[in-house]
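Worksheet: the structure to be examined is printed underneath.
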Amino acid sequence: MTGEIERLDRTAAASRLAELPAMLDAARRAQANARAPYSRFSVGAAVLAGSGAIYPGCNVESASYGATICAERSALVGAVAAGETTVRAVVVVTPTPEPSTPCGICRQLMAEFGPDVIVLAASSVSDVVLMATLGALLPLSFGAANLDEAAR
């Protein structure tokens with residue numbers, strides 16, 4: 001992967017990440033379970049862990065907006081709860097013709113797993129996929145190294 005965001009169709013993206021069809025299937029099934037009564041923006045996600053297992057997630061909204069959890073973080077939490085310690089890729093599926101990329105909070109949590117995590121944003125209503133590394137989506141991220149520097 002380059003340090004750029006690439007716009008691909010699903011076939012081209014799947015040729016770059018063989019697990020993408022299974023991840024998209026898991027993310028779309030999770031998207032159908034999203035709880036989005038306020039935004040009406042149902043999102044699904046799937047995490048490809050280092051073990052090869054795929055973990056789905058969906059957004060769950062709350063009237064207290066700060067308590068809302070995004071699909072990507074939901075999937076990441078599920079992977080960690082299952083004992084996973086590494087993440088290879090994250091896919092997020094949104095109901096927009098042009099895919100929506102993960103929000104800043106989701107990107108920050110993904111940063112815990114390294115800048116080489118592959119992030120794919122896909123549409124559930126078109127064939128468009130955006131593909132990038134987390135490092136391209138969140139350059140100069142805050143992380144453990146920043147905390148270590150402060151402790152010195």
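Here, each number is a calculation from the coordinates, and none is a lab measurement. Please read these numbers as outputs of a predicted model, since none were measured by experiment. In this analysis, Cβ positions are derived from the backbone assuming ideal geometry, glycine residues included, and neighbour counts consider all displayed protein chains.
Of the residues that make up region 52-70, is at least one within 23 Å of Gly3 (Cα to Cα) and of a type in the set (D, E, K, R)? No. Filtering Val92, Val119 for residues that are assigned to a strand (DSSP E or B), crowded, with 23+ Cβ neighbours inside 10 Å, in contact (Cβ under 8 Å) with a residue 40 or more places away in the chain and in contact with a helix residue (DSSP H, G or I) (Cβ under 9 Å, 6 or more places away or on another chain) leaves a single hit, Val92. All told, Pro56 meets the bar of being more than 20 Å from Leu137 (Cβ to Cβ) and under 11 Å from the mean Cα position of the chain (by Cα).
Restricting attention to region 95-116, the residues being in contact with a strand residue (DSSP E or B) (Cβ under 7 Å, 6 or more places away or on another chain) and assigned to a loop (DSSP other than H, G, I, E, B) number 9. Restricted to region 23-36, and to residues there that are outside any helix (DSSP H, G or I) and in contact with a strand residue (DSSP E or B) (Cβ under 6 Å, 6 or more places away or on another chain), the residue that is nearest to Thr68 (Cα to Cα) is Arg35.
Ala71 satisfies every condition listed in (1) buried (at least 23 other Cβ atoms within 10 Å of the Cβ); (2) in contact (Cβ under 8 Å) with a residue 60 or more places away in the chain; (3) closer than 22 Å to Asn33 by Cα except (2).
If the condition is being more than 15 Å from Pro99 (Cα to Cα) and touching a strand residue (DSSP E or B) at 6+ places or on another chain (Cβ under 8 Å), then region 1-11 contributes Met1, Gly3, Glu4. If the condition is being of a type in the set (Gly, Ala, Ser) and either closer than 17 Å to Ala27 by Cα or assigned to a helix (DSSP H, G or I) (or both), then region 122-152 contributes Ala122, Ser123, Ser124, Ser126, Gly135, Ala136, Ala144, Ala145, Ala150, Ala151. Scanning region 74-102 for residues that are touching a Cys at 6+ places or on another chain (Cβ under 8 Å) and either farther than 13 Å from Leu134 by Cβ or of a type in the set (S, T, N, Q) (or both) returns a single hit, Ser74. Put simply, of Ser15, Ser39, Ser51, Ser62 the only residue that is in a helix (DSSP H, G or I), exposed (fewer than 15 other Cβ atoms within 10 Å of the Cβ) and over 12 Å from the mean Cα position of the chain (by Cα) is Ser15. Ala71: in contact with a Cys (Cβ under 6 Å, 6 or more places away or on another chain) and closer than 15 Å to Gln31 by Cβ, yes or no? Yes, satisfied.
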